[in-house]
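*Asks:* Here's a structure for you.
Derivation of every value follows stated rules applied to the coordinates shown; laboratory data play no part. All values derive from a computational prediction rather than experimental measurement. Here Cβ is always computed from backbone atoms with ideal geometry, including for glycine, and neighbour counts include all displayed protein chains.
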Amino acid sequence: MLKDKIFFGESGLTTTSANHIANIAKEKYQLLLKQLETITLYNTNIGLIGSEKQPLSYGVETLSKVKPSLEAIAQLKTLIAWLREAIKAKERLFEDVKSENFGLVAPVRPICENVMTEDEYVATWSIKKRNRYYFLETMCATIGSYIHPNGAFAKAREEYMNKLTNPLRVVGQGRDTTIYEYVPSVDSEEVENTFMTLQSEYRSYQSELNSLKYEIEEAIRSDNLTKSNKYSSEMRNYEASLENYNAEIKTLRLKENERISNLKIIIPDSLQKIYQEVKAD
């Protein structure tokens, strides 16, 4: 921090020396403070009635040292405050180094591109090809559901065959007997030909559709492989760059920490007198 630089110069005290001076200054002002707090402004004599009194304790004879002592305490506390703040400032400088990048720009971690979707690939086709693809999907779905074993035509065909085998159905008894006769409305050959034709067309449409779907799957697989390889290559370059970046940052931080360690805590001119007195003790 810029404001912390005022505490330091090429010559002055190390952190250890500053802490030592601050401790001595604290002892000195505490002693002065104790003297001021226990000041007595009168003498005390003691004796028996009718006898001469003897001195028991003495008060101060002059107050000339009160103001100088208060000023000395203030100066000592100011010196301590300066030294303690300087020590904390140096600690902050060391802390700031931990997040300092010295103007270097860290490499940016690459991001793997999203794999192409089916819709994105189909969107690259011509109008004719896309329309054919949608047509095949709908035809396969439409015909397939119709001739599927559970489909309407498949069920109708099965029921048709049952009615050919059992053309009559009798319901009730006696005079209430009702006979149902089932007569084909469509020739059986036409039924079979229609079913086989639809089945053949379904297989043809499905085969063509499967071919296009395979093309889509291969395109997506190829796109995924290309992007994956690109990402792997970019990650290798990123990791190498990051390693170099971290190594350079580490070197610069070590150098900066060494510079900070060598910084000396200066003593302002206004505190030089009290500093020299403390230092002399």
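*Asks:* Using +1 on the beta carbon of Lys and Arg, -1 on that of Asp and Glu, and nothing else charged, what's the dipole of region 118-243 about the Cα centre, debye to 20? If you can, show how the numbers build up before the last one.
*Replies:* Working: 15 positive and 21 negative charges, 34 e Å.
Approximately 160 debye in magnitude.
*Asks:* Kirkwood Rh and Cα-based Rg: tell me the resulting Rg over Rh for region 127-231, rounded to two decimals.
*Replies:* Values: Rg = 23.6 Å, Rh = 17.7 Å.
Looking at region 127-231, the ratio lands at 1.33.
*Asks:* Right, another one. Show which aspartates and glutamates lie in cross-link reach of Lys279 when reach means a straight Cα distance below 17 angstrom and same-chain residues fewer than eight apart are skipped.
*Replies:* In chain and number order, the partners are Glu27, Asp269.
*Asks:* In addition: So how do 193-204, 73-84 stack up, highest first, on mean other-Cβ count within 10 Å? Kindly include the intermediate steps, with their values, before the conclusion.
*Replies:* Numbers: 193-204: 13.3, 73-84: 18.8.
So the order, starting with the most tightly packed, is 73-84, 193-204.
*Asks:* Ok, one more. What lysines could a cross-link reach from Lys255, if we take a straight Cα to Cα line under 22 Å and drop same-chain neighbours fewer than 8 places away?
*Replies:* Counting by Cα, and skipping residues close in sequence, Lys255 has these lysines nearby: Lys3, Lys5, Lys88, Lys90, Lys98, Lys264.
*Asks:* How many percent of the alpha carbon pairs in region 1-49 exceed a separation of 17 Å?
*Replies:* On the way: 761 of 1176 pairs.
Looking at region 1-49, the distances longer than 17 Å represent 65 percent of pairs.
*Asks:* Moving on. Enter the Cα centre distance for the pair region 1-67 and region 206-281, rounded to the nearest angstrom.
*Replies:* Centre-to-centre (Cα) distance: 55 Å.
*Asks:* Counting Lys and Arg as +1 and Asp and Glu as -1, each charge on the Cβ, what is the dipole of the chain about the Cα centre in debye, to the nearest 20? Don't jump to the answer; show the numbers that get you there.
*Replies:* Numbers: 37 positive and 40 negative charges, 381 e Å.
Its charge dipole is roughly 1820 debye.
*Asks:* Which label marks the calculated value of P(r) over Cα pairs in 10 Å bins from 0, in percent, given the options (i) 7, 30, 34, 19, 8, 2, 0; (ii) 5, 13, 10, 9, 8, 7, 7, 7, 7, 7, 6, 5, 4, 3, 1, 1, 0; (iii) 6, 22, 24, 17, 10, 7, 5, 4, 2, 1, 0, 0?
*Replies:* (ii)
*Asks:* For the charge dipole of the chain, defined by +1 on Lys and Arg C-beta atoms and -1 on Asp and Glu C-beta atoms about the Cα centroid, which residue among Pro55, Asn162, Asn224 has the Cα displaced farthest towards the positive pole?
*Replies:* The residue sitting farthest along the positive end of the dipole is Pro55.
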